[in-house]
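Encoded as structure tokens, the structure appears first; notes follow it.
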Amino acid sequence: MLIYFDLETTGLERNDRICSMGCIAFDSAAQSVHGELVKPPKKIRPEAMAVHHITNEAVAGSPVFEESALAQWLKEQNCTDNILISHNIEFDLRMLEKEGFVWQGGIIDTLKCTKHLIAEIDRFSLQYLRYELGLYKSEAKEADMLGITLQAHTALSDAFHVMLLHRYLNDIADDEKLMELTLECALVRKLNFGKYSGRYIEEIAMQDRGYLEWMLNNMFDLDSDLRYSVKYYLKEVK
């Protein structure tokens with residue numbers, strides 16, 4: 001079974017928790033769609049509300065994670081035969097583990113796989129790729145067939161776009177290869193933030209090594225691919 005998954009959280013700090021989940025699942029016999037709000041053990045931060053528009057009032061009457069229908073469904077599908085697919089799966093798995101849930105099946109990270117297979121793209125956010133790769137052109141009819149209302153940064157809608165992106169990537173590589181790439185660091189070519197946003201990391205390594213060294217020593221929340229890439233170019237460019 002392929003399970004396309006996304007979640008929304010109370011924020012992006014280490015102590016933040018899940019407040020919404022969505023998934024779309026396909027196997028040879030059937031398909032299923034699940035979306036659910038979850039009452040987190042802490043308040044949703046205003047900056048998170050500004051992105052996903054889920055308020056503390058909206059989740060007040062929702063079940064806690066372990067009592068939610070979607071959590072129970074995930075537990076039933078938690079086996080080595082199934083593949084969980086999401087965009088930045090490292091984050092999603094970490095958030096699930098905070099709730100005591102450890103996924104046992106295969107994993108595909110559409111974020112990491114896109115970095116590997118379409119490295120020339122400037123940005124890799126799910127919504128950017130939705131438009132850059134033309135995924136939006138076929139979305140309306142299929143979303144309607146699945147009964148999904150498209151709204152960016154809602155868990156079920158984002159799970160739907162993960163599905164479309166996965167299909168796009170499947171035209172380049174099969175699932176076995178995508179699972180392999182998910183476990184490998186991807187070489188990122190450009191920075192997409194800060195004073196060198198849009199510049200090639202290799203070029204920055206030649207002109208301002210100190211900036212990249214500062215990033216490594218001071219930006220502890222760098223994702224693993226970017227940290228790997230900065231170290232790679234610092235080593236390659238003498």
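The values are calculated or read from the model by the stated rules, or taken from the named source; none is laboratory data. Note that the structure is a prediction, hence the values are computed from the model and not measured. With ideal geometry, Cβ positions are generated from the backbone for all residues, glycine too; neighbour counts draw on all protein chains shown.
Can Gly11 be described as out of contact with any Ser or Thr (no Cβ under 7 Å at 6 or more places or on another chain), surrounded by fewer than 18 Cβ atoms within 10 Å (Cβ to Cβ) and part of a loop (DSSP other than H, G, I, E, B)?
Criteria not met by Gly11.
Could you identify the single residue in Glu57, Glu139, Glu47, Glu66 that is of a type in the set (Asp, Glu), in contact with a His (Cβ under 9 Å, 6 or more places away or on another chain) and either under 18 Å from Tyr4 (Cα atoms) or surrounded by fewer than 19 Cβ atoms within 10 Å (Cβ to Cβ) (or both)?
Glu139
Kindly check whether there is at least one residue in segment 67-83 that is in contact with a strand residue (DSSP E or B) (Cβ under 9 Å, 6 or more places away or on another chain), assigned to a strand (DSSP E or B), of a type in the set (D, E, K, R) and in the same structural domain as Phe124 (by TED's automatic domain parsing).
No, segment 67-83 contains no residue that is in contact with a strand residue (DSSP E or B) (Cβ under 9 Å, 6 or more places away or on another chain), assigned to a strand (DSSP E or B), of a type in the set (D, E, K, R) and in the same structural domain as Phe124 (by TED's automatic domain parsing).
Matching residues to (1) of a type in the set (Asp, Glu); (2) in contact with a Phe, Trp or Tyr (Cβ under 8 Å, 6 or more places away or on another chain); (3) surrounded by 16 or more Cβ atoms within 10 Å (Cβ to Cβ); (4) not in a helix (DSSP H, G or I):
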site: Asp158; (1), (2), (3), (4): yes, no, yes, no
site: His166; (1), (2), (3), (4): no, yes, yes, no
site: Ile172; (1), (2), (3), (4): no, no, no, yes
site: Leu178; (1), (2), (3), (4): no, no, yes, no
site: Ser197; (1), (2), (3), (4): no, no, no, yes
